[in-house]
1. So which pairs qualify, if the first residue must be in the stretch 102-113 and farther than 13 Å from residue 76 by Cβ, the second must be surrounded by 13 or more Cβ atoms within 10 Å (Cβ to Cβ), the Cβ gap must be under 6 Å, and the two must be at least 6 apart or on different chains?
2. For the stretch 114-152, what are the residues that are in contact (Cβ under 8 Å) with a residue 24 or more places away in the chain and basic (Lys, Arg)?
3. For the list (1) more than 28 Å from residue 75 (Cα to Cα); (2) in contact with a Leu (Cβ under 9 Å, 6 or more places away or on another chain), I need the number of the one condition that residue 94 fails.
4. Exactly one of these conditions fails for residue 148: (1) under 30 Å from residue 59 (Cβ atoms); (2) in a helix (DSSP H, G or I). Give me its number.
Amino acid sequence: MDSRWLVAGLIASAALNLFLVGAAAGVIALGQSMAREGPGVRPGALMIATAGLPQPDRRNFRQMLRQTRSEVLADVARSRALRIDAWSAVGDSKPDPAAIKAKLAQSRQIDTSVRARVEERLVDYVESLTPADRAAFAAGMRRVLTPPPTPQPPAATNTAKP
């Protein structure tokens, strides 16, 4: 083997190894940074629906949502714990389907009551807005809740020649 090829191979191998070590260090640093910062603010459906409101109303809306969230957090945790217990029981040597279904039903009931409380707070808040702002919020909610149209497959064209 020619020594020139050996040197070129060693240089290419060293460069590749340096690149891989740098990429791994970057991924680790980015992962630690993301873990420290936590998830960023992601606009949810309600934030999108309030985009047409003036800034003070959007800020007050987010504050009301945070307060409502803190009020229902214990119920949400209880519902999640029931679901975890129910689905964990499925793996038992002799699962009790009636008990599992009862826990899941109780969890759904809690979820429904939480949703009702949140929706009632939303309606109470939106009721305090001006008619124009209520209309903007209603339009935003319709936009968020309306599913996007399903794409239709292209029409088949007859390309065969007679």
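Computed from the coordinates by the stated procedures, all read-outs in this text should not be read as laboratory data. Everything numeric here is computed off the predicted structure, so don't read it as measured data. Methodologically, a virtual Cβ is constructed for each residue, glycine included, from the backbone with ideal geometry; neighbour enumeration extends over all protein chains shown.
1. 103/82; 103/85; 103/86; 104/86; 106/82
2. Once the filter is applied, which keeps residues that are in contact (Cβ under 8 Å) with a residue 24 or more places away in the chain and basic (Lys, Arg), the stretch 114-152 yields 117, 121, 143.
3. Unmet for residue 94, out of (1) more than 28 Å from residue 75 (Cα to Cα); (2) in contact with a Leu (Cβ under 9 Å, 6 or more places away or on another chain): (2).
4. (2)
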